[in-house]
1. Sort out which residues of segment 452-468 are farther than 25 Å from residue 524 by Cα and open to solvent by less than 20 Å² (accessible area, probe 1.4 Å), and write them in order of number.
2. Within segment 453-471, does at least one residue satisfy the condition of being over 20 Å from residue 492 (Cα atoms) and in contact with a helix residue (DSSP H, G or I) (Cβ under 7 Å, 6 or more places away or on another chain)?
3. Just need a number here: residues in segment 614-634 that are farther than 14 Å from residue 271 by Cα and surrounded by fewer than 14 Cβ atoms within 10 Å (Cβ to Cβ).
4. If you take the residues in segment 228-241 that are among the charged types (D, E, K, R) and open to solvent by 10 Å² or more (accessible area, probe 1.4 Å), which one is nearest to ligand 2 (Cβ to nearest atom)?
5. Checking residue 344 against (1) away from ligand 2 (no atom under 16 Å from the Cβ); (2) open to solvent by 20 Å² or more (accessible area, probe 1.4 Å); (3) free of Cβ contacts under 8 Å to residues at least 40 places away in the same chain: exactly one of these is not met. Which one?
6. Tell me which residues, restricted to segment 242-259, are more than 12 Å from ligand 1 (Cβ to nearest atom), open to solvent by less than 10 Å² (accessible area, probe 1.4 Å) and not aliphatic (A, V, I, L, M).
7. Somewhere in segment 355-375, is a residue within 16 Å of ligand 2 (Cβ to nearest atom) and farther than 22 Å from residue 420 by Cα?
8. Within segment 484-499, does at least one residue satisfy the condition of being within 16 Å of ligand 1 (Cβ to nearest atom) and at positive phi?
Amino acid sequence: MFSLNGSSFTNNSLSGVSRCLTQSSRRGVSGPMVVAAAVNSNGKPGDRNVSVLVENSMKESAAAPVEKEIKSTVTGGVGDVYGEDSATEDQSITPWTLSVASGYSLLRNPHYNKGLAFSEKERDSHYLRGLLPPVVVNHDLQVKKMMNNLRQYEVPLQRYIAMMDIQEMNERLYYKLLMDNVEELLPIVYTPTVGEACQKYGSIFRRPQGLFISLKEKGKINEVLKNWPERKIQVIVVTDGERILGLGDLGCQGMGIPVGKLSLYTALGGIRPSACLPITIDVGTNNEDLLNDEFYIGLRQRRARGQEYAELFDEFMYAVKQNYGEKVLIQFEDFANHNAFDLLAKYGTSHLVFNDDIQGTASVVLAGLMASLQLVGGTLAEHTFLFLGAGEAGTGIAELIALEMSKQTGIPLEETRKKIWMLDSKGLIVNSRMESLQHFKRPWAHEHEPVKELVNAVKSIKPTVLIGSSGAGRTFTKEVVQALATFNEKPIIFALSNPTSQSECTAEEAYSWSEGRAIFASGSPFAPVEYNGKVYASGQANNAYIFPGFGLGLIISGAIRVHDDMLLAASEALAEQVSQENFEKGLIYPPFTNIRKISANIAAKVAAKAYELGLATRLPEPANLVAYAESCMYSPAYRSYR
Ligand SMILES: O=C([O-])CC(=O)C(=O)O
Ligand SMILES: [Mg+2]
């Protein structure tokens with residue numbers, strides 16, 4: 001332990017300062033620069049506004065709302081957020097230092113470590129001699145070795161843990177692995193395996209990832225954000241863990257989801273890893289198993305609701321804006337319905353927010369539907385839709401379909417919504433249930449007699465498209481699929497719930513029960529299926545196709561708000577990427593192997609829409625947005641250190 005500016009630090013907290021050369025006089029060096037996150041521990045951040053804010057809120061009683069003070073200090077400016085310039089002598093600041101990492105600490109810094117790929121020259125100039133065995137290998141060989149190692153693990157969760165270890169050890173190796181082997185590794189770092197990882201997060205927990213903001217941090221969220229070692233954040237994925245995939249309330253252990261989503265932001269959408277910040281808001285959990293689990297990592301209390309929740313969230317949202325400015329994208333992920341819609345509505349006018357489960361899923365499904373029309377014919381408005389599940393995903397998709405139909409035909413939204421039917425746990429959503437319906441379900445109540453069972457709704461409504469978004473597995477039974485197949489030559493079936501255990505039916509069931517006629521896509525991946533001597537490959541209707549490119553489009557245009565027309569633009573861009581060859585295989589999504597190109601195209605269309613709507617701030621608009629998007633994308637290639 002030693003003391004700096006009156007605060008105590010362990011050696012580790014200054015990530016190798018003892019071996020680092022102070023950088024202030026050597027700007028422009030292309031060596032491994034490290035920002036040493038030496039955060040003062042006296043609880044007084046240096047920023048003048050923040051100090052005022054925190055002191056004000058401390059003066060008030062702990063329960064008093066801090067919203068007023070927080071809002072009043074937000075200027076949208078990010079110039080001097082750490083307060084180094086504006087602090088007076090009596091205000092303490094965070095002593096950040098820029099330094100060059102070398103030697104042992106360089107090998108332990110995941111941003112800059114290259115392992116055995118350090119060149120002879122780098123080994124000399126960065127004090128690495130003797131710390132590495134003599135061999136020098138290239139990036140490709142490292143990837144080959146890691147893939148060999150990963151394939152030795154038969155249990156997917158072991159592969160997940162191994163991937164997390166690689167991410168902690170050598171970030172560029174992690175992203176190159178993921179990008180070069182996207183179809184093989186996506187099911188590991190993402191659905192379905194990430195679901196199991198969240199369920200067991202407490203047990204497999206090694207090193208913390210992302211930021212945990214719990215009720216204990218109320219009144220101090222500004223300081224917590226300052227503890228994060230990166231300053232230039234472009235995308236935050238935040239969850240409160242209440243509805244993790246279709247697995248329900250996993251509390252603080254939901255952190256696996258923001259971490260996984262942001263890995264995809266980098267690998268699939270080209271956002272720099274250092275610009276990505278995963279956050280879990282911990283307000284407790286109502287999951288009894290977790291509350292009784294000795295390895296649980298979160299607050300051991302039931303969920304805070306109402307004002308307590310709203311105040312913590314408000315403090316968080318304004319602290320984010322204060323620290324990272326107007327253009328940081330905040331992606332809401334896996335909130336329960338009752339919060340998801342309200343948070344999106346509440347912050348949609350003041351922040352750049354995007355709800356992946358409502359908007360991202362909607363955009364990916366609309367893209368799949370646009371592509372399906374090439375196989376089944378007709379226009380969107382000529383189809384009839386039935387949803388099982390009227391939550392975030394279901395109503396979000398329904399609204400985007402209705403909007404697109406309305407744009408295509410000129411028919412008012414209220415009318416196009418009538419082509420879309422929904423069934424929730426209480427049966428078909430019909431007018432006679434109106435009084436008891438949650439507000440987000442009401443637009444979908446149409447005139448019809450009550451129907452309880454899905455199979456009877458299918459027989460009565462005769463949908464051409466059946467979409468499962470309830471989070472409950474195995475609900476598209478043989479009877480349901482067979483009924484659908486009696487009046488559709490090519491029934492379109494989306495089994496969207498994640499992970500695989502929650503899928504409404506399997507690919508094999510969809511093809512065999514429809515005698516090979518279904519056009520099928522699912523939220524979690526299924527291997528190709530053989531039926532009657534023919535191989536059927538199904539698509540993955542997962543928002544992973546959309547959010548990385550969508551976010552990139554917002555960032556490259558400097559967008560300040562999300563607009564529904566941007567979602568439609570993203571759907572069109574994705575649907576356009578389905579090739580004739582894909583269609584011939586019955587696919588309605590392009591393969592993930594092309595995802596970087598797909599993301600660049602989505603980004604370009606989203607950015608173009610932002611410029612058109614006057615929501616872009618990065619001017620002038622680049623002439624070729626696809627080329628510009630591609631040029632902005634992160635590459636995991638190693639850099640040379642002088
Ligand atoms: O994470 C995924 O695979 C898709 C998604 O957003 C969800 O199921 O909540
Ligand atoms: Mg989600």
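1. 457
2. No.
3. Residues meeting the conditions: 7.
4. If we take residues in segment 228-241 being among the charged types (D, E, K, R) and open to solvent by 10 Å² or more (accessible area, probe 1.4 Å), then 230 is nearest to ligand 2 (Cβ to nearest atom).
5. The failed condition is (1).
6. 251, 252, 253
7. Checking segment 355-375: not a single residue is within 16 Å of ligand 2 (Cβ to nearest atom) and farther than 22 Å from residue 420 by Cα.
8. No.
The values are calculated or read from the model by the stated rules, or taken from the named source; none is laboratory data. Just so it is clear, the model here is predicted, and its values are computed rather than measured. Reconstructed Cβ throughout: ideal geometry from the backbone, glycine too, with neighbour counts over all protein chains shown. Calculation scope for accessible area: heavy atoms of the full protein, side chains included, ligands and nucleic acids excluded. Shrake-Rupley method; radii C 1.70, N 1.55, O 1.52, S 1.80 Å.
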